[in-house]
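Colleague: Before I ask anything, let me first share the structure, which is written out below as structure tokens.
The values are calculated or read from the model by the stated rules, or taken from the named source; none is laboratory data. As the structure is a prediction and not an experimental result, all values here were calculated from the model. Note that we place each Cβ from the backbone using ideal geometry, even for glycine, and neighbour counts take in every protein chain shown. Each accessible area value is taken on the protein alone, full model and side chains, heavy atoms only, with ligands, DNA and RNA left out. Shrake-Rupley method; radii C 1.70, N 1.55, O 1.52, S 1.80 Å.
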Amino acid sequence: MSRLPVPQLSFADLQLQSLGVHLDPTLQRVADFLEEHATLIELVRKDLERGLKKPNAGRHGITPAQTLRSLVLMRVKNWDYRDLRERINDGFTLRAFTLFDSHSVPLHDAFNRAFNRITPATLAAVNQLVVQAAVKLDLEDGKQLRVDTTVVETNIHYPTDATLLWDTVRTVTRLIWELHEKLPRGVKSFTDRTRSARRRMQAIQRMTARQREQQQTPKYRELIQISEQVVRNAKPVIAAAKRVRKVDEITRAVIDGICKEITDFCALGVRVIDQTRRRVLQGETVPAEEKLYSIFEPHTDLIKRGKTLKPVEFGHKVFLAESSHGLITEYRVLEGNPVDSDHVQASLDQHQKTFQHAPDCYAADRGFYSAENVENCKDAGVSQVCIPQRGGQRTAEQEDLERSRVFKKGQRFRAGIEGRISVLFRGRGMKRCLLKGRERFEVLVGAAGLANNLMRIADLLDKRKPNRRRAAA
């Protein structure tokens, strides 16, 4: 993926500018900010050139600057890849923002390939550089910090043992028939059991509470047997495919790729069969950390946060730290469902690393409370710790503290992060990750945070400009 030289404005582009066709002022400030901070582009360049023997050879591809700007635009507008490509291709101003100008815009899958080369570590580094740039521009002082956790969902259906077994059967069978089309003599000695598996899955799903008492276990036993048969019969098919020699290199690579997919899904299917047998047939309670909730997104965690309308969520818990000016100064995709109080010290350390000092006010909800956390905040130099006590009998001193005007003001400040999470969900596409894999999940969270920070910096820069009427007077 070679880089392009910075495109020069064509006569048509100059003519559009002369006619008053300009980019949205907020996006223009974002573009100016990115242009002034070339270090961000260099980080993306390293990812795009990673693994390439001759990055400057070959046909022209999307440049690092175009990649970063397109990724930001995609998250700012909450578009998918096709919308992104079509809007850039049809819009003169968006062509200017993404630096395509009068050059041809690649197809949507080219954007997908470019974005897939960006690593979560790179986006985290870019976000930190953006926050540090805001500090140098005196847009943020880091005197206030509010933190919270939320859940970003993975793109899976609600998991039940029956549907997971059905997913295993239909996916492995589909891949084997794809393999059948690629092999010279096809696949032999494999029985398609998708119809029988689907019927039993649907029968389980449609059972009433009374029917489940007598009919659920036999149906599950039949579905487990079908799933085991499919997984067992897939192994000799893979072995036979690997022994085939009279194919060209491209077909060989395709066959090997399909075989690897079948092997991976069979391994996940074995886990599904095991947890179903333990839970349904043996009556065992399977720990949440041992369960598999999707064979397509096996990294998915089950999260319980005590929410009345949504008691169970499937995805990953995400920690967010926000400054008083709306900048996401830190984000972390967490493993499992850790308690919120585990993240206070780490957030203080990161804040001190970013701003070279502790915040004057540290605000969080009661889930972050512990006596140790309060002491750690005070030892770090936090003058106002606004974390309500959770559980236990509050002392008179704690009662007075939580009733004080300063504490209530800190809690009102804390509530602002709920609005920031809503913006990230509704406006930046962070509610549900449609990308596949844990790494792409982290990239989505990082890209949403980056888009938020750049838009906030653009707004802060606009507010800092002197009033033209006053200047004229």
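Colleague: Looking at the stretch 289-322, which of its residues are open to solvent by 50 Å² or more (accessible area, probe 1.4 Å), over 17 Å from the mean Cα position of the chain (by Cα) and not basic (K, R)? Before you say what the answer is, go through the steps one by one.
Modeller: Filtering the stretch 289-322 down to residues open to solvent by 50 Å² or more (accessible area, probe 1.4 Å) leaves 289-291, 296, 298, 304-311.
Remaining after also requiring over 17 Å from the mean Cα position of the chain (by Cα): 289-291, 304-311.
Correct list: E289, E290, G306, T308, L309, P311.
Colleague: For the stretch 323-345, enumerate the residues that are surrounded by 15 or more Cβ atoms within 10 Å (Cβ to Cβ) and assigned to a loop (DSSP other than H, G, I, E, B).
Modeller: Result: S324, H325, G326, L327, L334, N337.
Colleague: Which helices (runs of 4 or more DSSP H) sit wholly inside the stretch 365-463 and have at least 3 residues that are within 24 Å of the chain's Cα centre (by Cα)? Working first, answer last.
Modeller: Working: elements: 371-380, 396-403, 405-414, 416-426.
So the answer is 416-426.
Colleague: Kindly indicate whether any position in the stretch 58-67 is under 20 Å from E36 (Cα atoms) and without any contact (Cβ under 8 Å) to a residue 60 or more places away in the chain.
Modeller: yes
Colleague: Consider the stretch 58-93. How many of its residues are in contact with a helix residue (DSSP H, G or I) (Cβ under 9 Å, 6 or more places away or on another chain), part of a helix (DSSP H, G or I) and either under 19 Å from C433 (Cβ atoms) or not basic (K, R) (or both)?
Modeller: Of the residues in that region, 22 qualify.
Colleague: Additional query: In this structure, is N78 over 24 Å from D462 (Cα atoms), among the polar types (S, T, N, Q) and either at pLDDT below 95 or open to solvent by 30 Å² or more (accessible area, probe 1.4 Å) (or both)?
Modeller: Values: over 24 Å from D462 (Cα atoms): no; among the polar types (S, T, N, Q): yes; either at pLDDT below 95 or open to solvent by 30 Å² or more (accessible area, probe 1.4 Å) (or both): yes.
No; evaluated as a whole, the condition is false for this residue.
Colleague: Sticking with this one: Regarding the stretch 140-148, can at least one residue be identified that is out of contact with any strand residue (DSSP E or B) (no Cβ under 8 Å at 6 or more places or on another chain), open to solvent by 10 Å² or more (accessible area, probe 1.4 Å) and under 30 Å from Q345 (Cβ atoms)? Even if it seems obvious, please write down each step before you answer.
Modeller: Filtering the stretch 140-148 down to residues out of contact with any strand residue (DSSP E or B) (no Cβ under 8 Å at 6 or more places or on another chain) leaves 141.
Filter once more, so that each one left must be open to solvent by 10 Å² or more (accessible area, probe 1.4 Å): 141.
Those still in the list that are under 30 Å from Q345 (Cβ atoms) too: 141.
Looking through the stretch 140-148, at least one residue is out of contact with any strand residue (DSSP E or B) (no Cβ under 8 Å at 6 or more places or on another chain), open to solvent by 10 Å² or more (accessible area, probe 1.4 Å) and under 30 Å from Q345 (Cβ atoms).
Colleague: Still on this model: Got a number for residues in the stretch 346-368 being open to solvent by less than 10 Å² (accessible area, probe 1.4 Å) and hydrophobic (A, V, I, L, M, F, W, C)? Even if it seems obvious, please write down each step before you answer.
Modeller: To start, the set of residues in the stretch 346-368 that are open to solvent by less than 10 Å² (accessible area, probe 1.4 Å) comprises 347-348, 351, 359, 362-364, 368.
Next, only the ones that are hydrophobic (A, V, I, L, M, F, W, C) stay: 348, 363-364, 368.
Looking only at that region, the number is 4.
Colleague: Filter the stretch 251-260 down to the residues that are within 33 Å of the chain's Cα centre (by Cα) and either of a type in the set (S, T, Y) or open to solvent by 80 Å² or more (accessible area, probe 1.4 Å) (or both) and list them by number. Break it down stepwise before answering.
Modeller: Start the filter on the stretch 251-260 by keeping residues that are within 33 Å of the chain's Cα centre (by Cα), which leaves 253-260.
Scanning the stretch 251-260 gives a single hit, K260.
Colleague: Another one. Based on what the data block shows, is R193 open to solvent by 10 Å² or more (accessible area, probe 1.4 Å), basic (K, R) and more than 30 Å from K242 (Cα to Cα)? I'd like the intermediate steps shown before the answer.
Modeller: Details: open to solvent by 10 Å² or more (accessible area, probe 1.4 Å): yes; basic (K, R): yes; more than 30 Å from K242 (Cα to Cα): no.
So R193 fails the test.
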